[in-house]
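Okay, so here's the structure we're looking at.
None of the figures in this text is laboratory data; all of them are computed from the coordinates on show. Here the structure is a predicted model, which means the values were calculated and not measured. Note that each Cβ is placed from the backbone with ideal geometry, even for glycine, and that neighbours are counted across all protein chains shown.
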Amino acid sequence: MSEHSTYTPGNAVEKWLDDRLPVVRFAKEHLMDFPTPKNLNYWWTFGAILVMCLGVQIVTGVILAMHYTPNIGLAFDSVEHIRRDVNGGRIIQATHAVGASMFFVALYIHMFRGLFYGSYKAPREIIWILGVLIFILTVATAFMGYILPWGQMSFWGATVISNIFSAIPLIGENIKQLVLGGFAVGNPTLNRFFSLHYLLPFVIAAIVALHIWALHVPGNNNPIGVEVKESRDTVPFHPYYTMKDLFAMVLFMIPFAWFVFFAPDILGHPDNYIMADSQVTPAHIVPEWYLLPFYTILRAIDFNVLFIDSKLGGVIAMGGALLMLLIVPWLDTSKVRSGTFRPMFKWFYALFAINFVGLTYLGAQPAEGIYTVLAKVCTAYYFLYFLVILPVLSRIEVTKPLPTSISESVLGKAHA
Amino acid sequence: MTGAINMFKNKIIIAAVAAMVGLAAVPANAAEGGARPERQAWSFAGIFGTYDQNQLQRGFQVFREVCASCHSARLLAFRNLSEPGGPDFSEAQVKALAAEYDIADPTAEGGARPGVAADRWPSPFANDQEARDANGGSLPPDFSVLAKARGVVDPFPTWVFNYFTGYQEGGADYIRALLLGYHDEVPGTAPEGFELPEGKYYNDYFPGHAIGMAPPLADGSVTYTPGEDGVAVPETVEQYATDVSAFMMWLAEPHLVSRKQTGFAVLLFLVLFAGLMYATKRKLWAGIEH
């Protein structure tokens with residue numbers, strides 16, 4: 001990678017440092033000079049936005065942890081104490097809570113961008129796999145974070161989701177007890193979830209570092225999916241993409257701030273302002289919106305298949321829906337990366353996106369009547385898309401001719 | 001070819017819209033078993049909304065004279081009543097008010113002492129069990145964050161618009177509606193065919209309709225002091241219900257005013273900053289075909 005380096009130590013101190021720990025050289029190579037395709041569109045800014053989201057969650061989270069008490073008798077009031085009595089606490093707490101939602105907005109956009117432009121294809125499979133791991137860890141972290149305010153949805157969400165483990169044959173009940181620290185959600189659960197909720201973001205940050213490292217080996221994919229061929233296809237990361245990413249981050253902060261300052265509770269559930277009560281079950285137990293697509297898949301399997309009962313079936317489906325993402329690079333074998341040049345893929349992809357919104361919507365509806373039928377249809381399409389449509393399209397689709405290079409493509413666009 | 005694709009595209013959009021509308025037509029709160037409260041024009045609604053200090057003071061009076069005999073507000077401290085953005089009583093008023101109450105304090109002689117501004121609002125019952133025993137088995141919920149623990153489930157597309165209007169007043173709307181949701185001739189109030197359990201009251205807005213709380217308000221039950229301008233506020237159940245709902249919203253969200261004020265500065269900054277960033281980005285990229 002050092003071939004991109006234009007770094008020459010400016011003085012004796014820099015030279016001394018460069019011989020021992022070349023951090024300045026590293027930063028110059030990877031944060032400034034790194035050659036980046038010049039045709040990246042705004043969908044590519046969400047990587048930087050996600051780094052910002054993780055940073056915001058860690059900073060606000062560390063401050064919240066200074067005032068929070070992980071005890072079932074005190075947790076609810078300690079969160080209210082933050083909102084009421086800590087200086088700026090209402091805003092810090094709202095930023096953390098809204099920040100989780102904004103994190104997932106960016107995360108889903110980032111993943112859907114990768115799915116459309118074929119960013120998971122060789123030689124970028126590892127980047128994609130690391131990304132899926134980050135996604136799964138983020139889901140786990142967000143879920144555990146939602147338990148901490150110890151409201152009714154916190155408690156009952158934890159109760160419903162931890163029951164998932166008990167579906168595993170033979171050892172399920174033991175795993176569930178290990179996760180909860182007892183037979184039901186209680187003080188040990190709150191304590192270990194708090195501990196893990198504090199730990200996992202740093203694990204995520206470490207995997208993000210690997211994700212970016214893996215990205216810096218082949219370099220960025222781009223909207224036409226044709227690899228960089230010559231230096232005029234690229235621009236240095238700084239100032240071109242630092243500027244563009246910073247602009248996109250500021251733009252992203254606008255809806256973020258809107259929710260934090262003008263509607264901080266609109267993304268949450270009113271029931272979470274009621275302290276957890278194991279004796280009172282809420283009318284509808286609904287997870288946070290960003291978990292709804294997978295919650296729908298969990299509930300969609302309400303029938304037994306041979307020796308697999310519906311409960312285990314649901315868990316397999318939900319786990320499968322997440323883990324299947326890991327093998328997407330080998331399910332879609334089309335040589336053409338970008339969906340722009342795949343006339344059939346485009347439509348199935350659009351339907352997949354609509355279907356995903358449908359899964360989200362259905363997760364918030366009661367599991368009855370037409371909703372259960374629709375949930376099955378949407379779940380079926382989710383799996384069909386990856387397991388059947390992508391492999392088949394790879395074989396039968398006639399793709400459009402690709403531009404020979406990024407430069408040719410952008411010149412064509414400019415003169416069209 | 002393009003025409004065919006466009007037609008296909010349009011069909012998909014129409015189908016998607018039709019599906020969404022179809023899904024939304026099923027009222028989401030049908031199962032909740034309560035009528036939908038009407039939206040009120042709250043002073044604290046919307047991005048410019050602030051609390052009406054006089055209304056909060058009246059609402060506090062209703063709370064203190066009526067609600068507080070059964071409902072606690074354990075997170076309310078006397079000092080909160082003089083903090084900016086709230087009812088804004090003077091510090092002297094709050095000090096005098098707190099001193100009227102006996103606060104349990106094991107270190108004090110006799111186990112109790114007069115309250116000070118830093119004390120929390122004393123609860124009417126020592127614990128939940130006592131509260132239930134005194135209220136026919138029902139637990140009067142704590143008021144501290146109650147206005148945010150209640151809400152209104154809006155049908156599609158209203159809930160989508162809520163994200164853009166920042167509608168956060170569902171709790172106040174619900175509480176006001178609940179207080180006005182009793183039927184006139186107590187207790188023979190339930191509509192025909194509805195079996196009202198003994199000791200319960202029929203309420204249009206309460207989920208399941210059978211509520212343990214007797215109608216708490218009556219016309220003239222709280223005497224308001226006319227303001228300096230001499231204009232008297234009507235002493236009606238509707239006025240009491242509105243005022244106490246506003247007070248409960250403040251109680252649940254005491255920093256609403258400063259939060260929105262900060263929000264204006266932040267958003268204004270972000271919009272201007274984004275504009276400058278965009279101009280810089282454009283200038284920087286101007287020489288690059290991309």
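For the stretch A:87-220, give the magnitude of the charge dipole about the Cα centre (Cβ charges: +1 Lys/Arg, -1 Asp/Glu; no others), in debye to the nearest 20.
On the way: 6 positive and 2 negative charges, 38 e Å.
It comes to approximately 180 debye.
Here each label is just a point 7 Å from Cα along the line to Cβ, and for residue A:184 and residue A:346 those points are 5.6 nm apart.
Helical runs (DSSP H, four residues minimum) scored at -39500 (n - 2.57) apiece and divided by the length of chain B put the mean residue ellipticity at 222 nm at -13000 deg cm²/dmol.
Choose one of A:148, A:407, A:137: the residue whose Cα lies farthest towards the positive end of the charge dipole of the stretch A:34-409 (beta-carbon charges +1 Lys, Arg; -1 Asp, Glu; about the Cα centre). The Cα lying farthest towards the positive end belongs to A:407. Rounded to the nearest 20, the size of the Cβ-charge dipole of the stretch A:320-411 about its Cα centre is 220 debye, with Lys and Arg at +1 and Asp and Glu at -1.
Return the subset of B:95/B:260; A:121/A:400; A:28/A:121; A:38/A:244 for which the Cα-Cα distance in this structure is over 20 Å, preserving the input order.
Numbers: B:95/B:260 29 Å; A:121/A:400 18 Å; A:28/A:121 28 Å; A:38/A:244 11 Å.
Over 20 Å Cα-Cα: B:95/B:260; A:28/A:121.
Between residue A:6 and residue B:221, the simple spin-label model (points 7 angstrom out along Cα→Cβ) gives 7.9 nm. Across the options A:89, A:127, A:30, the greatest Cα extent toward the positive end of the charge dipole of the stretch A:1-139 (unit charges at beta carbon of Lys, Arg, Asp, Glu) belongs to A:127. Within the same chain, aspartates and glutamates fewer than 8 places from residue B:281 are excluded, and of the rest, those with a Cα less than 18 Å from its Cα are A:33, A:245, B:289.
Distance from the Cα centroid of the stretch A:169-200 to that of the stretch A:54-105 is 22 Å (rounded to whole angstrom).
Listed by chain and number, the aspartates and glutamates placed with their C-alpha closer than 16 angstrom to that of residue A:311 are A:173, A:302; residues fewer than eight positions away on the same chain are left out. A Förster radius of 41 Å, combined with the Cβ-Cβ distance separating residue A:232 from residue A:388, puts the computed FRET efficiency at roughly 0.50.
Can you give the mean number of other chain Cβ atoms that lie within 10 Å of the Cβ atoms in peptide A:262-272? Before the final figure, lay out the partial values.
Values: counts 12, 9, 7, 7, 9, 1, 2, 2, 12, 3, 3.
Mean shielding count: 6.
Please tell me the relative contact order of chain A in percent, rounded to the nearest whole number, where contacts are Cα pairs under 8 Å and at least six residues apart. Contact order relative to length: 22 percent.
The residue list B:174, B:266, B:163 was ranked by how far each Cα lies along the charge dipole of chain B toward its positive end, using unit charges on Cβ atoms, and B:266 comes out on top.
The residue A:283 and residue B:40 beta-carbon pair, evaluated with R₀ = 35 Å, returns a calculated FRET efficiency of approximately 0.90. Counted without the sites themselves, the longest stretch of chain B free of GluC sites (Glu not before Pro) in a DSSP loop having at most 16 other beta carbon atoms within 10 Å is B:101-184.
Which trypsin sites (Lys or Arg not before Pro) from the stretch A:330-416 combine a DSSP loop assignment with at most 11 other Cβ atoms within 10 Å? Display every interim value, and only then the final one.
Values: sites: A:335, A:337, A:346, A:376, A:395, A:413; in loops: A:335, A:337.
Counting only loop positions with at most 11 other Cβ atoms within 10 Å, the trypsin sites (Lys or Arg not before Pro) in the stretch A:330-416 are A:335.
Fewest-first ordering of B:282, A:90, B:113 by other beta carbons within 10 Å of each residue's beta carbon gives B:282, B:113, A:90.
With a cut-off of 17 Å on the backbone N, the residues of the stretch A:255-282 near the modelled label site 7 Å out from residue B:158 along Cα-Cβ are A:266, A:270.
When only DSSP loop residues count, what chymotrypsin sites (Phe, Trp or Tyr not before Pro) in the stretch A:285-327 have their Cβ near at most 11 other Cβ atoms within 10 Å?
On the way: sites: A:289, A:290, A:294, A:295, A:303, A:307; in loops: A:303, A:307.
Here the chymotrypsin sites (Phe, Trp or Tyr not before Pro) that fit, given the DSSP loop and packing criteria, are A:303, A:307.
Of the peptides A:262-274, A:67-79, B:213-225, how do they stack up when ordered by the mean number of other Cβ atoms within 10 Å, highest first? Write down the numbers at each step before the final one.
Working: A:262-274: 21.7, A:67-79: 18.4, B:213-225: 14.8.
For the peptides A:262-274, A:67-79, B:213-225, the packing ranking is A:262-274, A:67-79, B:213-225.
Under a model in which nothing but the beta-carbon of Lys, Arg (+1) and Asp, Glu (-1) is charged, the stretch B:163-290 shows a dipole of about 1380 debye around its Cα centre. Mean per-residue shielding of peptide A:30-39 is 1, counting Cβ atoms of other chains within 10 Å of each Cβ. With R₀ fixed at 51 Å, the C-beta to C-beta distance from residue A:367 to residue A:21 puts the FRET efficiency at about 0.35.
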